[in-house]
Every structure is written in C-alpha cells, then in structure tokens.
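Below you'll find the structure, written out as structure tokens, and then a few comments.
The values are calculated or read from the model by the stated rules, or taken from the named source; none is laboratory data. Please read these numbers as outputs of a predicted model, since none were measured by experiment. In this analysis, Cβ positions are derived from the backbone assuming ideal geometry, glycine residues included, and neighbour counts consider all displayed protein chains. The protein model used for the area step is the full one, side chains on, heavy atoms only, and it has no ligands, DNA or RNA in it. Shrake-Rupley method; radii C 1.70, N 1.55, O 1.52, S 1.80 Å.
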Amino acid sequence: DYAKLPIVAIQFLTRIPLYPNMAVDSVDLGRCLAFFPFVGALIASAAVGLAYVALELELPLGVIAALILLMEALITGAFHWDGLADTFDGFYSTHKTREEMLDIMHDSRIGVMGALAVVLVALLQYSCLGGMLALRDYQWGIFSAYMFGKWGCVYLSVASAYGRKEGKGLVFLANARWPTLFVATIFLLPLLWIDQKNIVIFICVMAFNALWGKYSERKVGGVTGDVLGASARLSETLTMLLFLILY
C-alpha cells in the first residue's frame, strides 16, 4: 500500500504517532525512504512558522535559532543526533579494528568524540541559523537544510553496502532501490527551481554523501543506521554553511 508510506516515514523520523498500531513490514520501511525529504519539509515548515512568529515578536536571532533547534529535537526525539555521536565515537576511537568500531557504535553510552561532535555541530547549526534569519530568504535555507539532509540518508541507503551483518539499518538498505531515490529527489525539485544557488548546494551535498559513503566503507565496511544519522546532521550543517556563503 503506497498510500501508507508517508505515514510510515513520519512515524519513523518523528515522535508523531499518526497510526501507532499500523502493520508495517520490511518492504514498507525500505520504500518509505522515498518520503524522507517530505518529512524534512514538514519539519522545515514548523521551523519556518516558528521563526516567522518569533521575528514578528522581535526576539533576538540567537534565541530564535535556539528555539528552532529545540523544536526540531522535540519533534524528532533528537533523532540523528545519537547517530552522529555514535559514529564519531566509533570512527575516531584510537587504534580500533572494524569490529571494535562497530561495537562502540552499538554501545548506548556516549564518549568524548561523540559528545564533542554533537556540541560542535549543534553550535555550528545554531550560529548558521542565527545568520540565516538575518537574510530575506532564510526560509529556503531552512527547507534546504532539512530536506537535503534527509535526502542524503536515502542516497546512502540506495548506493552503499551495509556495514553490519544485522541491525535496523539493514531493513532499509535491503529494500532500498534506485526508484526510491528518484521519488525522493522529486520532492527537491521546487527548491532547485526557486533559485539556481540551491542547485549548487545540492550538488555539494550529493558529493559529500558520496564521499561519506566511501569513507564509511573504508572504516567499517559500509554504512549503518548511525552513519545514516550522522550524514543527515552533517548534510544539514553543510547546507546551512553554503547557504550563508552563497546568499
């Protein structure tokens, strides 16, 4: 049932329980990847709405940026931040084998590298959002960040091997196909049509994810669910930085 795939994507990426008892199989989870950028657009819509109201109230830009990050974390349950932390803990632990890296990434505890990654990326996003809100077209930067970030997860799921023999990410990668990526890319077309600068940003995000996938294959033999989460946060941050530079 293709009609339920947007609901599956929303329930997976957010804490919004539309139909919590809905039957979902592995094929549904793989196909719902096509709607990840759509969910990114919903999150961006909430962020832009919050920004509009806060700007009308003349709140400081730094406060608005913090509120956007807080709201996104509440909507998603801080989804992807844990993946960023686990990935950096695993990838940058000193002198570890591939199996040891995967074990570290599977551990629910956070280490120094993971904590540092979360803090620095959050600070970068906070600073970028504050700068973006001072621009007339800030809303397109917010939409691009969250939609391109979710698109990166789809690309890696389709184009990369899985680094574990089992795990939640395997469900997505085993059922992700190139048509899924094609549908996900269609959701980006309005952004790419609005301004050619967004095309440049998208190409850079696409190149980053291609390199990130190759780097992950070299480190742990492929991507994992944590690697996908890290790619989303890093793609968001890259998009925000490029938006500030180009606009």
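Brief remarks on what is shown
- Residues in segment 128-165 that are assigned to a helix (DSSP H, G or I) and more than 18 Å from the chain's Cα centre (by Cα): Gly130, Gly131, Met132, Tyr138.
- Any hit, segment 43-58, residues being within 30 Å of Met101 (Cα to Cα), assigned to a helix (DSSP H, G or I), open to solvent by 10 Å² or more (accessible area, probe 1.4 Å) and not aromatic (Phe, Trp, Tyr): no
- Subset of segment 81-107 [β-branched (Val, Ile, Thr) and under 12 Å from Arg233 (Cβ atoms)]: Thr87
- Among the residues of segment 69-91, those that are of a type in the set (A, V, I, L, M), within 14 Å of the chain's Cα centre (by Cα) and in a helix (DSSP H, G or I) comprise Leu69, Ala73, Ile75, Leu84, Ala85.
- Residue in segment 98-150 that is farthest from Trp81 (Cα to Cα), counting only those that are open to solvent by 20 Å² or more (accessible area, probe 1.4 Å) and small (Gly, Ala, Ser): Ala134
- Top-ranked residue of segment 2-15 - restricted to ones that are in contact (Cβ under 8 Å) with a residue 24 or more places away in the chain and open to solvent by 80 Å² or more (accessible area, probe 1.4 Å), ranked as farthest from Lys150 (Cα to Cα): Tyr2
- Restricted to segment 178-247, the set of helices (runs of 4 or more DSSP H) holding at least 3 residues that are more than 16 Å from Phe88 (Cβ to Cβ) and charged (D, E, K, R) comprises 196-220.
- Of Ala34, Ala66, Ala23, all but one fail to be crowded, with 18+ Cβ neighbours inside 10 Å and either hydrophobic (A, V, I, L, M, F, W, C) or assigned to a helix (DSSP H, G or I) (or both); the exception is Ala34.
- Top-ranked residue of segment 80-97 - restricted to ones that are among the charged types (D, E, K, R) and in contact (Cβ under 8 Å) with a residue 60 or more places away in the chain, ranked as least open to solvent (accessible area, probe 1.4 Å): Asp86
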